[in-house]
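Read the structure below first, then the notes.
Taken together, the values in this text are just the output of simple stated rules run on the coordinates, not laboratory data. Fair warning: this is a prediction, and the values are worked out from it, not measured in the lab. For neighbour counting, all protein chains shown are included, and Cβ atoms are generated from backbone atoms with ideal geometry for every residue, glycine included.
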Amino acid sequence: MENFFEALKVLGDENSVETELLIEKVKSAMLKAAKRTYPHSEDRIRVVIDPAEKKFAMYIAQEIIDDEPIDENEINIETAKTIDPNAVLGGTIMKEIDVSKLGRMAALSAKQSIKGDLREINRNQMLSKFEQKEHDCIIAKVSQIEPGRGTVTVVYEGTELYLFRNEQIPGETFHIDQPVKVYITDIAGKTKKPVVKISRTHKDLVKRLFELEVPEIYDGTVEVKSISREAGSRTKIAVWSKDPNVDAVGACIGAKRSRITAVVNELNGEKIDIIPWSESPEEFVAKALSPAETLKTIVTSYEEKTCTVIVPNNQLSLAIGIKGQNAKLAAKLTGYKIDIKPHTNPLTGETAPELDMESVSRADEAEKKENPDNTSDSVPEDKPAETTAEEIVAETPESEAVVEEITESSAEE
């Protein structure tokens, strides 16, 4: 019986279950098992488990009668007195059940019942621990690193979570006992076996990290309007201040760049562009192409969210970025399809036409009247356009020459 209580303690520790709760579950399972062997004694079976006295026993409450017993629920008064001299008619006497005689099927049934109870307990514990932290950032500790697949096991409040390679920032390395911030993207299987999914590549991890570092974001004074990210390379985050006396960008950068540096270090050196959000699409798009300078931004269609941006010739490759990264992130951040053009044609030296909004609006309306069903150039509202260097440059008359220039510039970068 000593082994039973040791096993009970180990089971409780492994599943983070209090001994009292586990004892109640074992009692319930043993009652179910005993009822299979004694189907007519369902309401008379008692289970006693006392860890302090190391006692584990099962009984049937027998009624004391003065006649011949018809089943195990009754006992004759004379027989009862040999067990308890104080036995009286109409009273009860507890007859101990030999647990070993319950049978193999009863034991298996009890085992399955306990397993089912533990699964339910673990499910409830998992949900109570993580449900309020879904879509939030937590600090876990690295406990194991799998060399082959690259999966990193982290522990949070006694629960193991798995950070898969595709959810890790490219190029980052881990070591045992390292504290690491991860973002809980989802809790799958809430009604059965919950699985907590974590990530370090999700764009909202950046938002949560800024909330931890920037009090103005945490208290709502500064609001994060949108984020676009290529994990391990670059992130653009648009911020806006509700208080005109608070500089949103400055608050995120911090004194001597302390706040943004803390976030960059956590993200393994990932570059971060902090963009001031604006209600004006022209201004917002121009700022989103940072660090490139722009000369003019013209929204060609507010409905379809398309615009043309004119940049100095020496800023063209910077505006587009290596493999179109800067333009693509700007497009995701703003939701606009961005057509980037150089200020002057490198072949002819002609200056790019600076369209006025009135003429653009008239041309847009005329095109809709001529082609009312033409939606080939539209951008779905729920999917911002992704603009690559090749797509941007291919729309200009001097496409071949500019593609060559961008390729050369990108190689130099």
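Taking 0.36 nm per residue of separation and subtracting the Cα-Cα distance, full extension of the segment from Glu68 to Thr173 would add 29.9 nm.
Of the peptides 50-59, 288-297, the ranking by mean beta-carbon count within 10 Å, highest at the top, reads 288-297, 50-59. Taking the Cβ of Met58 as the centre, find all other residues whose Cβ is under 9 Å away and add up their charges (Lys, Arg: +1; Asp, Glu: -1). With Lys, Arg at +1 and Asp, Glu at -1, the neighbours total -1. Taking a Cβ cut-off of under 14 Å around Ile187, the surrounding Lys, Arg, Asp and Glu residues balance to a net charge of +3, with basic ones at +1 and acidic ones at -1. Put simply, the amide H of Gln144, placed in the peptide plane, has neighbours under 5 Å in Thr153, leaving out anything fewer than 5 places away on its chain.
Multiplying the residue separation of Ala255 and Val195 by 0.36 nm and subtracting their alpha-carbon distance yields 17.6 nm. Using R0 = 45 Å, the C-beta based FRET efficiency linking Glu78 and Glu20 works out to 0.65.
Within region 202-277, the proportion of Cα pairs with more than 14 Å between them is 54 percent.
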